[in-house]
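Scroll down for the structure; my scribbles are underneath it.
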Amino acid sequence: ELDQWRRVLAQVRRAPGRRPSDAPIPYRGLESFQPEHAQWFHGRAELTRVLVDRVARQWPDGGPVVVVGPSGSGKSSLLRAGLIPAFLGRESPLADVAVWQPVLFTPGPHPAAALAEQLAAAPGGRGLLVVVDQFEELFSLCADPEERRSFLAALTDRRNARPTLTVLGLRADFYPQAARCPELVDALSNAFPLRLNTG
């Protein structure tokens, strides 16, 4: 079978004609799928549905949903190309909020500033779906414990004037650091687990 595949590949490479350099590439390799790649994000429809249901159940006053999995388990793709498009679809997962505004970012070295900047840029009149991917950066890149506390307080404040749902993508080996944060204890006790063999 491998020899046959190599022969077919060689034929394709020898085929005449230009190959467009700006054509979309549905195969992402090791790169994560982004919201704009949702049409090519296959094989995880059921997992996406279960996650969307879990997030919707946090409405209206639940805490964040934490998606935990090892590196390479597809957390970023699930959040970006699965969850976000589901909330941007024609029918909102929540009857109470018709239109959602995704707020997608990674914490970086200054997570409180990153969150404030993202929220300031989000237009009003919509529910907020706050998705913090690579949440482990809160521990690996942010060196200021006070900024960490400030970020967590703002992220988990349920008195937000706008309808808000919060989802965090956390690499499994940072679970112990996250578990030391009182604001995350409840969410981590009911985390959404991903494994390397989930597809």
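Values computed for the structure shown
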| quantity | calculated |
| --- | --- |
| Subset tally (residues that are of a type in the set (A, V, I, L, M) and either open to solvent by 30 Å² or more (accessible area, probe 1.4 Å) or closer than 14 Å to residue 130 by Cα (or both)) for the stretch 76-103 | 9 |
| Qualifying residue in the stretch 104-126 (condition: touching a residue at least 12 places away in the same chain (Cβ under 8 Å), assigned to a strand (DSSP E or B) and open to solvent by less than 10 Å² (accessible area, probe 1.4 Å)) | no |
| Among (1) open to solvent by 40 Å² or more (accessible area, probe 1.4 Å); (2) in contact with a Pro (Cβ under 8 Å, 6 or more places away or on another chain); (3) closer than 23 Å to residue 55 by Cα - the single one residue 138 does not satisfy | (1) |
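The values are calculated or read from the model by the stated rules, or taken from the named source; none is laboratory data. Just so you know, these numbers come straight off a predicted model, no measurement behind them. Glycine also receives a Cβ, built like all others from the backbone with ideal geometry; neighbour counts cover every protein chain displayed. The accessibility values were calculated without ligands, DNA or RNA, using every heavy atom of the protein model including side chains. Shrake-Rupley method; radii C 1.70, N 1.55, O 1.52, S 1.80 Å.
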